[in-house]
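The values are calculated or read from the model by the stated rules, or taken from the named source; none is laboratory data. Only a predicted model underlies this, so the values are computations on that prediction, with no experimental measurement involved. FYI the Cβ positions are ideal-geometry reconstructions off the backbone, even for glycines, and counts take in every protein chain you see.
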Amino acid sequence: MSDELRRRSVTRDDTPNARTGGGVLQFIVPSNWAVHIGLPASAPAYWSPMRDFTLQATLDAESMWSSAIAKAITQIASRGWEVSDTNDSALRTKRAQEVLLQADDRAGWVPFLQKHLQNFLLCDNGAFVEVVRATNSMGSKILGLMHLDAMRCTRTGDPHYPVIYRSNTTGKEHVLRDYQVLSFADMPNPGDSYHGVGRCAASRAYKTIHKLAGLELYVDEKVTGSRALAIHFVSGLSSKQLEDAIATADADMKTKGRIAYKGAVIVPVLGDTPVTIATVPLAEIPDGFDAKQERDNAYVIYANAIGVAVQDIQPLSGQGLGTGTQTIVLDEAAKGQGLAAWSKQWEHMVNEHVLPASTTFAWSTNDIRDQKAESEVRKARADTRAVQIESGEITVQEARQLAVDANDLPREFIAKDVTPAGTLQDNEKPLDAVTPVVAVKAAHDLFAEELRQAQRLYRSIA
Amino acid sequence: MPDTPQPLQRLLDRLQQLISAATDTLEQDIGRVADWRETMERLLTRYHTAAYLAGQDSETLAGDDRKTLEQLISAQLEFLNNFTLEIQEADEFKAGWRNRAEMYADAIQVPYWKGATKVLPLPAMPGEGTQCLTRCRCTWEVVPVDEERGDYDAYWRLTSAEHCQTCLQRASEWAPLQIRGGRLV
């Protein structure tokens, strides 16, 4: 941790010092104990920290869920983004880029985002980012962003002091001001007593995760014989006869290299009746159960809960509209789900609470289809403007103004925006009084306009 | 102690009045920061140029003169950018902004002295790099030794005002700065 960032961050006490033997205790007590005793049939009551413990443990309980989470997070963490400044300040854009790329004390943007999104997807309490500042005052310089473990953050409901962070090692509580922390939650509960706790993807998909985990466990135990799956009552055999039979089978199995044969509990019942058997199943697949259908349903539920296209989890089978078109349709549908809300919230939070007024963060698309579509639309607008110029409907200057308003041209390409009111998108900053041209160009233009006035002024005072 | 040259003082007085009037309008309605900014840009450009002309005592500008002026104006517009952003982000007019706006007027003494001493390789103008910033009221006094050979003695003079450490130091060290054959010795 850089020295100044270390001193100012609320996580300063949690950072072990490897040179003085710190860090050993971290490995003694595992944090996701729930997986060791199996997921409960229902997650603990909403809402309690114990619930989030259990929800986080789902990551180790069911492999397809775990992979879906990893894929979704990787998609977001590998997305491109850009920072721009309406004053073309290279210093501001550089500084903004540094803050993001060196997030989590220079661990980097990608690891930071991976931790953050795991909290967002697996904790109803959501995800928290500390905005570390040089001093305690609101306008002071931002030194960096730090990920805060959601399990150690308590929402207070106080808009001025929204979060209390509890140190892992000392137990000390740090009360964070509203400008020192960014709080995220998926589907925040509208009830005021929940203080913004939401319902995360794991919460929404919990029942399915539990079912699928059980299904996979059943198959695993059936195949490996590691647990009794049924009780068989046998009549007409003594215990001794049964034990001899099992011992023989056991020895036979061992010579053939097959040790694991358990899977049945056999209880002999003495009597005069011939050998019969009655079986009481302890765990079995119900009649009519279709494992593939259940898995397919689970993938759709997982995809909807996380907010990714289902083909990201389950490859398309070529059914329905056809693979290519189906990909596009499903991809478009995914834009309205889960993580799409997080993307928008991140943009808003960073633009409103981290970056200066003239600097803007925006996601850039990696998708070639999106870029192609965008360029086609721009071309269509340019063609329309060309026709309007041709017909005399508008002048070249007016066409440039229209192009700037539509974001087809940078604002710097016109000397003065004559339609400044216009519209403002959610990821733009207002331009009320910000001069669109850089100072050097403005000085050049103004000088030419004001020279005569200056000469007149000189004559009046000389 | 020499006073501020009269043409410069007249320009300073006029510009301060105009900036004060523009800032009055801003104080009444902080939403009109765009108008205020445009007014400031035009005033600074016009008065910087007029000050340079007054310094050289001629209304003709050579190519280099224009370049020098544009650089000086550009620097002021950069400061104005930052000031404007602060105003935009505030909900109400803040104490200290009026004084800060009026300080922009004092910056015209730099082009004045550049115009007045442009043939001489002087290291800094009053208001340039001083702790008192644009409040500097010091002047250059240039005494020709042998104009044909390009020999001059230049003195940094303190006027009747409070002085910062930089100006006191300059007055002590640049007394005089010797220019011989058009070059600083």
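Data table
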read-out: Yes/no for B:Thr68 being within 30 Å of B:Gly182 (Cβ to Cβ), β-branched (Val, Ile, Thr) and in a loop (DSSP other than H, G, I, E, B); value: no
read-out: Of residues in the stretch B:30-64 being more than 30 Å from B:Leu85 (Cα to Cα) and within 8 Å of chain A (Cβ to nearest Cβ), the one surrounded by the fewest Cβ atoms within 10 Å (Cβ to Cβ); value: B:Asp57
read-out: Which listed residue, of A:Gly196, A:Gly157, is small (Gly, Ala, Ser), within 25 Å of the chain's Cα centre (by Cα), part of a loop (DSSP other than H, G, I, E, B) and closer than 17 Å to A:Asn119 by Cα; value: A:Gly196
read-out: Top-ranked residue of the stretch B:65-94 - restricted to ones that are of a type in the set (Gly, Ala, Ser) and surrounded by fewer than 17 Cβ atoms within 10 Å (Cβ to Cβ), ranked as nearest to the other protein chains (Cβ to nearest Cβ); value: B:Ala75
read-out: One residue from B:Arg149, B:Arg137, B:Arg157, B:Arg170 being more than 27 Å from B:Asn99 (Cα to Cα) and of a type in the set (D, E, K, R); value: B:Arg149
read-out: Single condition B:Met125 does not satisfy, out of (1) buried (at least 21 other Cβ atoms within 10 Å of the Cβ); (2) facing another protein chain (nearest Cβ under 9 Å); (3) in a loop (DSSP other than H, G, I, E, B); value: (2)
read-out: Test for A:Asp370: is it at pLDDT below 80, within 14 Å of chain B (Cβ to nearest Cβ), on the phi < 0 side of the Ramachandran plot and surrounded by 11 or more Cβ atoms within 10 Å (Cβ to Cβ); value: no
read-out: Residues satisfying the stated conditions in the stretch B:157-185, i.e. free of Cβ contacts under 8 Å to residues at least 24 places away in the same chain and of a type in the set (Gly, Ala, Ser); value: B:Ser172, B:Ala175
read-out: Hey, A:Asp417 modelled with pLDDT under 80, in a loop (DSSP other than H, G, I, E, B) and within 14 Å of chain B (Cβ to nearest Cβ) or not; value: yes
read-out: Residue in the stretch A:58-68 that is among the aromatic types (Phe, Trp, Tyr) and loosely packed, with under 14 Cβ neighbours inside 10 Å present; value: no
read-out: Qualifying residue in the stretch B:99-117 (condition: over 18 Å from the mean Cα position of the chain (by Cα) and either free of Cβ contacts under 8 Å to residues at least 24 places away in the same chain or within 14 Å of another protein chain (Cβ to nearest Cβ) (or both)); value: no
read-out: Selection status of A:Asp186, in contact (Cβ under 8 Å) with a residue 12 or more places away in the chain, part of a loop (DSSP other than H, G, I, E, B) and either surrounded by 15 or more Cβ atoms within 10 Å (Cβ to Cβ) or more than 20 Å from the chain's Cα centre (by Cα) (or both); value: yes
read-out: Filtered residue count, the stretch B:147-170, keeping only those that are under 16 Å from B:Thr117 (Cα atoms) and in contact with a strand residue (DSSP E or B) (Cβ under 9 Å, 6 or more places away or on another chain); value: 8
read-out: Any helices (runs of 4 or more DSSP H) falling wholly within the stretch A:77-150 and containing at least 1 residues that are aromatic (Phe, Trp, Tyr); value: A:109-122
read-out: Restricting the stretch A:275-317 to residues that are part of a loop (DSSP other than H, G, I, E, B) and within 30 Å of A:Ala77 (Cβ to Cβ), the residue that is modelled with the lowest pLDDT; value: A:Ser317
read-out: Unique residue being at pLDDT below 85 and in contact with an Asp or Glu (Cβ under 7 Å, 6 or more places away or on another chain) when the list is A:Leu212, A:Leu148, A:Leu229, A:Leu217; value: A:Leu229
read-out: Residue in the stretch A:76-95 that is under 29 Å from A:Ala309 (Cβ atoms) and charged (D, E, K, R) present; value: yes
read-out: Leading residue by the ranking (surrounded by the most Cβ atoms within 10 Å (Cβ to Cβ)) among those in the stretch B:5-28 that are within 12 Å of chain A (Cβ to nearest Cβ) and not hydrophobic (A, V, I, L, M, F, W, C); value: B:Pro7
